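The values are calculated or read from the model by the stated rules, or taken from the named source; none is laboratory data. Owing to the predicted nature of the structure, the values given are computational and were not obtained by experimental measurement. FYI the Cβ positions are ideal-geometry reconstructions off the backbone, even for glycines, and counts take in every protein chain you see. Quick note on the areas: whole protein, heavy atoms, side chains included, nothing else; ligands and nucleic acids left out. Shrake-Rupley method; radii C 1.70, N 1.55, O 1.52, S 1.80 Å.
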Amino acid sequence: MTVDAASRSVIRTRLAIFVAAALLVAIRITLPANAFWISDAGNKNLVAENFAASGYRHVSIGYPAADIDPGFRWFPAAGGHFRRLGAHYFSIVPWVFPLLAAPLGTSWIPLAAGIGILMMIPALLRAAGSDADPAWVVFVTAFATPLAFYSLDFWEHTLATLLATGAVVLLLRRKPLLAGLAAGASIVIRDQGY
């Protein structure tokens, strides 16, 4: 590839990342706030909101009707998503991701992580010695895999995948300690990463 062709390829790839990111952001902005595809994401949002509302002191789920229902008889604990411990209810979801998201707003971390994955594609292709067109790989990854879907809901999938992808890039660049830290962090965010 000539220098001019390489320069055009870099420009096309950056443009592809920008367009894909802009489309994802535009979609995210049009989605209603605090509406989730599945109850798991809503549950994680409750953990984040309650953690922020407590001044970042505890992870129990607040119950606005506790004064008139001290026995928690009407607490919406259906589906096994919450467990009562003493006088408090706690979510069964792992709490690390919601606690990280609480100060930043719940919808933006998955989106930023998804865009971060797209930004790593050229490095992955170079490290793997692939001759695939990075601009096309960006679009295929963004819109022909679950990446867009997971980037637009409050799930930890894209953050865990970003860390795992970063671990692969770091390992291919012969930085095993940093790769191990990124892989470990990925597992802390989503335990299926092991």
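The table for this structure:
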{"item": "Per-region count, the stretch 60-96, residues in a loop (DSSP other than H, G, I, E, B), of a type in the set (Val, Ile, Thr) and under 15 Å from ASN43 (Cβ atoms)", "result": "2"}
{"item": "Condition met for VAL138 (over 16 Å from the mean Cα position of the chain (by Cα), aliphatic (A, V, I, L, M) and surrounded by fewer than 22 Cβ atoms within 10 Å (Cβ to Cβ))", "result": "no"}
{"item": "Of all residues making up the stretch 124-135, the number that are touching a residue at least 24 places away in the same chain (Cβ under 8 Å) and open to solvent by 40 Å² or more (accessible area, probe 1.4 Å)", "result": "4"}
{"item": "Unmet criterion (only one of (1) out of contact with any helix residue (DSSP H, G or I) (no Cβ under 7 Å at 6 or more places or on another chain); (2) not in a helix (DSSP H, G or I)) for PHE36", "result": "(1)"}
{"item": "Index of the failed condition, THR106 passing every other in (1) assigned to a helix (DSSP H, G or I); (2) in contact (Cβ under 8 Å) with a residue 40 or more places away in the chain", "result": "(1)"}
{"item": "Check on ALA41, under 19 Å from LEU147 (Cα atoms) and exposed (fewer than 11 other Cβ atoms within 10 Å of the Cβ)", "result": "no"}
{"item": "Which listed residue is modelled with pLDDT under 95, open to solvent by less than 50 Å² (accessible area, probe 1.4 Å), in a helix (DSSP H, G or I) and within 29 Å of PRO146 (Cα to Cα), from ALA48, ALA22, ALA5, ALA16", "result": "ALA48"}
